[in-house]
Amino acid sequence: MLFLSTSANAALIERLGGLAYYDDVADLTWLADANYAQTSGFASDGLMTWQQSMDWVAGLTVGGVDGWRLAESDTCYGFNCTNSEMGGLFYNTLGGVAGSSITTTHNTNYNVFNNIQSYNYWLATDYAPNTSESWDFLMMNGDQSARPDSFTHYAWAMQSGDVSAVPVPAAV
């Protein structure tokens, strides 16, 4: 197992042979490839509308594990939204700083992930005041906001809990 410490004493623990990492403090598992929609060939550049992102992640199976989803949002708007799952990843787990791109300002946990884009990532939560918009998180500067569902952003698959607890069928 690979353990990388953050200032909050979180460890990112390798799962699915390095295809995912479990955050033991947040109790969330993140796909190691932050642009797997492109890597898997689902979207040529990884950019998708909100509905395309929701459909992609709902049908995703990685390492024999399904049940992937997009990160949930709270109603925090702007910087330092650490109670949303993506905000927690950006600020707490990866050591991001408000106003700075995660690709330039981060801790060593950043290095276990690949294809992190310094751009918007969709969150699973509709924006309640206007349901034709959904929450997103900007890895370029740590900003959480709402955008029209028709915009195209990246999608980072994750799961609640630890995927190692999911039984894997025995080889035939």
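Key figures for this structure:
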item: Fluctuation leader among 11, 71, 157 - the chain, Gaussian network, Cα springs under 10 angstrom; result: 11
item: For the chain, built as a Gaussian network whose Cα springs stay under 10 Å, the top-fluctuating residue of 118, 44, 134; result: 44
item: 25 °C / 0.890 mPa s Stokes-Einstein diffusion coefficient of segment 27-172, Kirkwood radius on C-alpha pairs, µm²/s; result: 160
item: Segment 1-146, relative contact order in percent, only Cα pairs under 8 angstrom and at least six apart counted; result: 20
item: Sites excluded, chymotrypsin sites (Phe, Trp or Tyr not before Pro) in DSSP loops with at most 14 other C-beta within 10 Å, longest stretch of the chain; result: 78-172
item: Value at 222 nm in deg cm²/dmol, rounded to 500, when DSSP H runs of n ≥ 4 in the chain each add -39,500 (n - 2.57); result: -2000 deg cm²/dmol
item: Contour excess over end-to-end distance, with Cα ends at residue 111 and residue 162 and 0.36 nm allotted per residue; result: 16.4 nm
item: Carbon and sulfur %, accessible surface of the chain computed with the full protein complex present, 1.4 Å; result: 51
item: Residue-normalised accessible area of segment 1-130, expressed per residue, 1.4 Å probe, Å²; result: 45
item: Highest-fluctuation residue, 123, 16, 89 considered, GNM on the chain with Cα pairs under 10 Å; result: 16
item: Inter-centroid distance (Cα atoms) of segment 46-72 relative to segment 17-42, Å; result: 11
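The values are calculated or read from the model by the stated rules, or taken from the named source; none is laboratory data. Since we're looking at a predicted model, the values are computed, not measured. Here the Cβ is made from the backbone with ideal geometry for all residues, glycine too, and neighbour counts use every protein chain on show. Heavy atoms of the whole protein, side chains included, go into the accessibility calculation; ligands, DNA and RNA do not. Shrake-Rupley method; radii C 1.70, N 1.55, O 1.52, S 1.80 Å.
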